[in-house]
1. Taking 0.36 nm per residue of sequence separation and subtracting the Cα-Cα distance, how much length would be gained by fully extending the chain between L173 and D194, in nm to one decimal?
2. State the Cα centre-to-centre distance between the range 190-231 and the range 28-81 in whole Å.
3. Taking the Cα centre of the chain as origin, sum charge times position over the Cβ atoms of Lys and Arg (+1) and Asp and Glu (-1), and report the length of that vector in debye to the nearest 20.
4. With angles folded into 0 to 90 degrees, how steeply does helix 160-172 sit against the dominant principal axis of the chain? Use alpha carbons for both and round to 10.
5. Output the Cα-based Rg and Dmax of the range 115-182 in Å, rounding Rg to one decimal and Dmax to a whole number.
6. Against the longest alpha carbon principal axis of the chain, how many degrees, from 0 to 90 and to the nearest 10, is the axis of helix 5-36 turned?
7. Where the only charges are on Cβ atoms (+1 Lys, Arg; -1 Asp, Glu), what is the dipole of the range 152-280 about its Cα centre, to the nearest 20 debye?
8. Quick one: accessible surface of T29, probe radius 1.4 Å, all protein chains present, in square angstrom to the nearest 10.
Amino acid sequence: HAKQAGRGRFSLYTAAMGERADQRLRLETELRTAIKEGQLFLEYQPKVRYPERDLVGMEALVRWHHPRGMDIPPGDFIPVAEETGLVMAIDEWVLREACRQVGAWHEAGLKPVPVAVNMSLARADVDRLVHNIERALADAHLPASLLEVEFTESQMLGQNVRSRQLVDRIRALGVRLAVDDFGTGYSSLSYLADFRFDTIKIDRAFVHGLPDENEGRAVIQAILGIAESLECSVVAEGVETEAQAGALSDMGCRNMQGFLFARPLSAGAFELELDRGRVGEGAAAVI
Ligand code: C2E
Ligand code: MG
Ligand code: MG
Ligand code: MG
């Protein structure tokens, strides 16, 4: 055994590499099928106002119901989809489906709550994206003010010129703009002022260590200060405990999203929350 270790390690290494390339290719093929055959679906995670727990928004999050039975989270397929360009088709489907669902809730007379969709900038084509947003809104009879688009800070930074055009044109439609996972991308403050987002979403890395950790607290306080002077709203992501929520609220951040309030919910389960207008302290908050 021992004398084969070197060779064994080598073949294991190459086998793993081969498998990875293989897996990617298979994943890509399966993902194409998934889009065509309706294996994607959405969950909706509430955004609440704390401490009242009033429902103030929702985020649509894509999932893939794989024919072999498991549901695959976006972290496991969006990166591959970004590399192959398939992500555009996924984001398009998500946009249309989220608008359709929220448009239907709106027309049914439920409380008008804005929906946010995540969009990758990795392969974004500005004209196509803007056109798709317009069409999705029109087809769903959804007011533009009820749609928000989230771009991650790190992707915005990598795509400066395109980001600029995209932001300007989306804003011109009356659609809201959010910068996601904020604080992790090392952007300058002037950049924030320049782009004029409606919402800044504080990355959960800074929320995680509250109330004890001072680094997170300092970053959050700085973000809240900028947001106030730029008149944009702030949502804290990944709020899991009352202690975190209390600390955020003490700092003046009252819009929150996280497992403390609700996990991402099926459309059916979300509709019940929408009906109540408040996010329950009961079953939905159980981790
Ligand atoms: P994100 O946009 O920052 O979404 C928030 C993620 O945090 C979601 O993971 C959500 O389930 C999770 N989360 C929410 N509350 C908590 C909490 O209290 N604690 C913890 N630990 N996590 C929480 P999910 O659904 O797995 O999505 C992961 C990422 O995948 C998203 O991060 C987003 O960047 C991307 N994504 C999701 N849907 C889409 C989509 O339709 N298109 C694109 N391009 N990306 C998407
Ligand atoms: Mg997001
Ligand atoms: Mg985020
Ligand atoms: Mg994220």
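The values are calculated or read from the model by the stated rules, or taken from the named source; none is laboratory data. Model, not experiment: these values are computed from the prediction. Every residue, glycine as well, gets a Cβ built from its backbone with ideal geometry; the counts of neighbours run over all protein chains shown. Side chains are part of the model used for accessible areas, which takes the heavy atoms of the whole protein and leaves out ligands, DNA and RNA. Shrake-Rupley method; radii C 1.70, N 1.55, O 1.52, S 1.80 Å.
1. 5.7 nm
2. 26 Å
3. Charge dipole of the chain: 760 debye, to the nearest 20.
4. Approximately 40 degrees, to the nearest ten.
5. Calculated on Cα positions, Rg and Dmax stand at 11.3, 34 Å.
6. Relative to the chain, helix 5-36 is tipped by roughly 50 degrees.
7. For this selection, approximately 500 debye.
8. Answer for T29: close to 80 Å² accessible.
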